[in-house]
Amino acid sequence: MYLPIYLIFNLISGVLMDCGCTSSRESTLNTKCTSETGDKKYSKQAYNSFTMEEMVLIQGGIFEMGTNKPVFPADFEGPARNRTVAPFYLDIYEVSNKNFLDFVIDTGYITEAEKFGDSFIFEMFLSDEERSKLEPFRAVHAPWWIKMKEVTWSKPQGPNSSIEEKLKHPVVHVSWNDAVQYCKYKNKRLPTEAEWEMACRGGLKQKLYPWGNKLNPRDEHWMNIWQGEFPKINTADDGFLGTAPVNHFPPNKFGLYNMAGNVWEWTADNWTDDAESKVKKGGSFLCHESYCWRYRCAARSFNTKDSSSSNLGFRCAADAK
């Protein structure tokens, strides 16, 4: 028999009480917290051999990574170069709220946002009263991001929100460290940047998007990004002000959904030589060509490993054996 969703959340809350383009944590005027994330000992269900269900085998080989026409040279998008990638599996979908809920119920895992007690939320999800109260906690270089208390993966748009109606949406407010622990629980891992980009391209060479160069093929929306004037007006012409379900929009030729837009996705790779910052790929529902044209396959950005926000998620990979 299935538990009602409100009982599940009560159970989770009890566990947490017992245990105590995204902005990075140090980018506000807040005092920075510290947090430790080590290996977890999970239930008997953990560390089983991963299943290939809802994964696709990508055969690997040589592909052309990066671009000779970088939009953001400071992001090291270029040059275009050949990379060899071994065969690997990749999740067809971004990890959903339902996936992460099952993980938390089974393990009692506590995310870093819950340990810190806050996470970054885009200001359009807040009331005018909330914005005024949180003015001192705006990100310095991206003032539309606000660090808000009690924002977590299960309360993604504020303390009074829930995921009850968004179980098929991607989980957000998860740090790189959280993503690593989830993948490890599934006996998987995060994809490397090269694996992720090869998968995004879907066998196409030097195309902007997972399906080609046209933003809206057949005059239809094929990804979840910002429409309108960023950051003031989002017309939501694609149907979504926030995240979209992980199985929405057409897949690319490899059968992968939402490789562009929706949420940024963590990868395993360091950003340059900085081991504390990790590469993220794919852009998000908050990206717009006028400011953050990073929903291209070659585009890249980064965050610190402990960062979390309302537009940052992940999917898992696994070695092909």
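Checked against (1) surrounded by fewer than 23 Cβ atoms within 10 Å (Cβ to Cβ); (2) hydrophobic (A, V, I, L, M, F, W, C); (3) within 26 Å of His288 (Cβ to Cβ); (4) in contact with a strand residue (DSSP E or B) (Cβ under 7 Å, 6 or more places away or on another chain), Val171 passes all but a single condition, namely (1). Quick check on my filter: what residues within region 138-180 are of a type in the set (A, V, I, L, M, F, W, C) and part of a loop (DSSP other than H, G, I, E, B)? Listed by number, the residues that qualify are Ala139, Val140, Ala142, Trp144, Val151, Trp153, Ile163, Leu167, Val171, Val172, Val174. If I filter region 53-66 down to residues being assigned to a loop (DSSP other than H, G, I, E, B) and within 23 Å of Phe249 (Cβ to Cβ), which single residue comes out as modelled with the highest pLDDT? Per the stated criteria, the residue is Glu54.
Against the list (1) over 14 Å from Cys316 (Cα atoms); (2) surrounded by fewer than 19 Cβ atoms within 10 Å (Cβ to Cβ), the condition Arg189 fails is (1). Restricting Lys278, Lys253 to residues that are in a strand (DSSP E or B) and either under 10 Å from Asn224 (Cα atoms) or among the basic types (Lys, Arg) (or both) narrows the list to Lys278.
Tell me yes or no: at least one residue of region 181-193 is closer than 12 Å to Asn99 by Cβ, part of a loop (DSSP other than H, G, I, E, B) and either at pLDDT 95 or above or polar (S, T, N, Q) (or both). Quick ask: steps written out before the conclusion?
Filtering region 181-193 down to residues closer than 12 Å to Asn99 by Cβ leaves 182-183, 185-186, 188.
From what is left, the residues that are part of a loop (DSSP other than H, G, I, E, B) are 186, 188.
If we keep only those that are either at pLDDT 95 or above or polar (S, T, N, Q) (or both) too, we end up with 186, 188.
Yes, the conditions are met somewhere in region 181-193.
The single condition among (1) at positive phi; (2) surrounded by 14 or more Cβ atoms within 10 Å (Cβ to Cβ); (3) not basic (Lys, Arg) that Thr272 does not satisfy is (2).
Go over the candidates Lys98, Lys133 one by one and state the one that is surrounded by fewer than 16 Cβ atoms within 10 Å (Cβ to Cβ) and within 17 Å of the chain's Cα centre (by Cα). Among Lys98, Lys133, only Lys98 is surrounded by fewer than 16 Cβ atoms within 10 Å (Cβ to Cβ) and within 17 Å of the chain's Cα centre (by Cα).
I'd like the residue in region 136-168 that is aliphatic (A, V, I, L, M) and modelled with pLDDT of 90 or more and, out of all such residues, is surrounded by the fewest Cβ atoms within 10 Å (Cβ to Cβ).
Here is the first cut: in region 136-168, the ones aliphatic (A, V, I, L, M) are 139-140, 142, 146, 148, 151, 163, 167.
Subset that is modelled with pLDDT of 90 or more: 139, 142, 146, 148, 151, 163, 167.
Numbers: Ala139: 20, Ala142: 18, Ile146: 26, Met148: 23, Val151: 27, Ile163: 23, Leu167: 15.
Here the answer is Leu167.
Looking at this structure, is Glu197 modelled with pLDDT of 95 or more, of a type in the set (Asp, Glu), over 13 Å from the mean Cα position of the chain (by Cα) and surrounded by fewer than 17 Cβ atoms within 10 Å (Cβ to Cβ)? Answer is no for this residue. Which residues, counting only those in region 253-280, are touching a Cys at 6+ places or on another chain (Cβ under 7 Å) and of a type outside the set (A, V, I, L, M, F, W, C)? Passing the criteria: only Gly261.
Per-residue answers, yes or no, for (1) within 17 Å of Trp196 (Cα to Cα); (2) β-branched (Val, Ile, Thr):
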{"residue": "Val246", "(1), (2)": "yes, yes"}
{"residue": "Lys253", "(1), (2)": "yes, no"}
{"residue": "Trp271", "(1), (2)": "yes, no"}
{"residue": "Gly283", "(1), (2)": "yes, no"}
{"residue": "Asp306", "(1), (2)": "no, no"}
{"residue": "Phe314", "(1), (2)": "yes, no"}
{"residue": "Ala318", "(1), (2)": "yes, no"}
{"residue": "Lys321", "(1), (2)": "no, no"}
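The values are calculated or read from the model by the stated rules, or taken from the named source; none is laboratory data. This one's a predicted model, so the numbers in the text were calculated from it and none came from an experiment. Note that each Cβ is placed from the backbone with ideal geometry, even for glycine, and that neighbours are counted across all protein chains shown.
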